[in-house]
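S.K.: Structure provided below as structure tokens; questions to follow.
The values are calculated or read from the model by the stated rules, or taken from the named source; none is laboratory data. If you're wondering where the values come from, they're calculated on a predicted model, not measured in any experiment. Cβ: placed from backbone, ideal geometry, glycine included. Neighbour counts: every protein chain shown.
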Amino acid sequence: MTSTLQARPRADRFERLLSDRSGVRLLGVPEVSGASRTRLLDEFAALASARGALVARGRARGGAYGLFQDAFGSVSAHGRERDVVLLLRGLLRAPRALGMTEDELRRAVDAVLGSLPGLVLLLDDVHLADRPSLALLEHLVRRGAGSPLLVVLAHEPRSCPPPLAALLVAAERESLATVLRLPVDGHRLTQRERTVLVVLAEGLTADAIARRLDISPRTVHRHLQHLYRKLGTTDRLATVLRAQELGLLG
């Protein structure tokens with residue numbers, strides 16, 4: 001009974017996430033090991049598929065638009081959705097043969113994606129993707145209110161080339177771990193991060209934390225960013241609450 005009650009809020013958050021049609025939404029994956037990241041993506045993909053979402057999961061590979069070709073090549077669809085996915089594959093495979101410029105292709109892909117309201121893109125190794133793939137991703141994110149698309153970035157957005165990195169960091173809504181309410185490996189926090197976390201829970205400002213620990217405010221902010229990524233949060237209050245929930249504050 002208890003597990004059912006605990007699972008319900010998570011299911012509700014997930015349902016709201018998938019039903020959101022406000023445009024492109026970005027979720028990030030916290031700084032976890034490759035195996036943990038894969039488990040996160042596996043669970044998310046399974047939940048999305050079980051609720052009728054069309055999941056396209058891809059990673060960077062050779063060739064123009066390799067990231068998106070890999071993603072849409074993995075999709076198993078039927079009926080009209082299958083026709084749309086096949087159209088996307090054709091567009092991405094040979095835009096020049098179709099006489100399309102890169103800008104025309106991006107607009108065409110954007111329009112086609114708009115007809116797949118249940119689409120979830122799980123993209124890994126984005127920082128290694130080819131230039132056309134990065135340009136297409138940037139276009140989709142900048143469009144924002146265009147396609148009702150959920151994008152999950154399985155790699156740290158800051159490692160992408162600028163200006164895409166700054167755009168992705170600004171557009172990222174929340175962490176995948178936060179949505180799924182999955183446990184975080186507390187042992188992955190460094191000793192200094194744990195110390196900053198404990199002092200943060202006292203309600204001190206960054207400057208006060210710096211004075212307490214005899215480090216620079218810049219270093220404090222760097223530790224805070226690490227904590228946000230590892231705990232799947234975006235601000236100080238949420239970080240303290242998440243740490244309490246995980247028993248990281250003793």
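S.K.: Which one is modelled with the lowest pLDDT, of the residues in segment 176-225 that are among the charged types (D, E, K, R) and either within 27 Å of the chain's Cα centre (by Cα) or in the same structural domain as R16 (by TED's automatic domain parsing) (or both)?
M.R.: Within segment 176-225, the subset among the charged types (D, E, K, R) is 181, 185, 188, 192-194, 202, 207, 211-212, 214, 218, 222.
Now drop any that are not either within 27 Å of the chain's Cα centre (by Cα) or in the same structural domain as R16 (by TED's automatic domain parsing) (or both), which leaves 181, 185, 188, 192-194, 218, 222.
Values: R181: 53, D185: 50, R188: 68, R192: 90, E193: 89, R194: 88, R218: 93, R222: 91.
Only one residue tops the list, namely D185.
S.K.: Of the residues that sit in segment 65-88 and are outside any helix (DSSP H, G or I) and in contact with a Leu (Cβ under 8 Å, 6 or more places away or on another chain), which one is nearest to D124 (Cα to Cα)?
M.R.: In the first step, residues of segment 65-88 are kept if they are outside any helix (DSSP H, G or I); the result is 65, 74-78.
Next, from what is left, pick out any that are in contact with a Leu (Cβ under 8 Å, 6 or more places away or on another chain): 65, 75, 77.
On the way: Y65: 14, V75: 15, A77: 21 Å.
This residue is Y65.
S.K.: Can I ask one more? In segment 206-235, which residue that is among the polar types (S, T, N, Q) and within 23 Å of A170 (Cα to Cα) is surrounded by the most Cβ atoms within 10 Å (Cβ to Cβ)? Please lay out each step first, then the result.
M.R.: As a first pass, look at segment 206-235 and keep what is among the polar types (S, T, N, Q): 216, 219, 225, 233-234.
Retained after the next criterion (residues that are within 23 Å of A170 (Cα to Cα)): 219, 225, 233-234.
On the way: T219: 15, Q225: 12, T233: 23, T234: 16.
Only one residue fits best here, namely T233.
S.K.: Just to be sure I understand, how many residues within segment 89-121 are outside any helix (DSSP H, G or I) and at pLDDT 90 or above? Walk me through it before giving the result.
M.R.: To start, the set of residues in segment 89-121 that are outside any helix (DSSP H, G or I) comprises 94-101, 114-121.
Filter once more, so that each one left must be at pLDDT 90 or above: 100-101.
Looking only at that region, the number is 2.
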